[in-house]
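Just so it is clear, none of the values below were taken in a lab; they were calculated from the coordinates. Just so it is clear, the structure is predicted and the values come from calculations on it, not from any experiment. Cβ atoms come from the backbone with ideal geometry, glycine included; neighbour counts cover every protein chain shown.
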Amino acid sequence: MSDGDWESLLIPINMAFFFYSSVHNRMVTLYPSPAGAIESLLPLDAWDDIVKNNPVLGKLEPDIEALLVNRVGHARESAPAEYFFAPMDDCYRLVGLIRTHWKGLSGGSEVWTEIAGFFAALRARAEKVTRSEIVKDEAHA
């Protein structure tokens, strides 16, 4: 996802998850906050453009699987942006972790240590896929 793609989604922070809700019959975007999961009003045309450029996103299992995006390090120029297909329970676990450990205006060092640990564990068990592998799989589908 390019910086322009991300900006077109109008998400106020650099972390969010996207899933298809069968109840609402649409994509839902939530971002974690100290108050819990906050829904963003996703401009559907922007999401549709992102899916056109990344057809693998159309394979998310409704209500079960989400695209979890972590662009915090990217925004701070300290790490690349990360994108995971993640179970919904992991996404909500991240929300709970932030809600539980957030202190003050910036969260405090404890919450950022917890977030780093969460993504390190997710990275460790993730199946890494390159863009060229995705394109090749889509060509054979």
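Computed values, structure above
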item: Unique residue being crowded, with 18+ Cβ neighbours inside 10 Å, free of Cβ contacts under 8 Å to residues at least 60 places away in the same chain and in contact with a Cys (Cβ under 7 Å, 6 or more places away or on another chain) when the list is ALA66, ALA37; result: ALA66
item: Any hit, region 40-51, residues being loosely packed, with under 13 Cβ neighbours inside 10 Å and not acidic (Asp, Glu); result: yes
item: Residue count for region 47-71, restricted to those that are of a type in the set (Lys, Arg) and closer than 14 Å to PHE17 by Cα; result: 1
item: Whichever residue in region 2-19 is assigned to a loop (DSSP other than H, G, I, E, B) and in contact with a Pro (Cβ under 9 Å, 6 or more places away or on another chain) and, among such residues, is nearest to VAL72 (Cα to Cα); result: ILE13
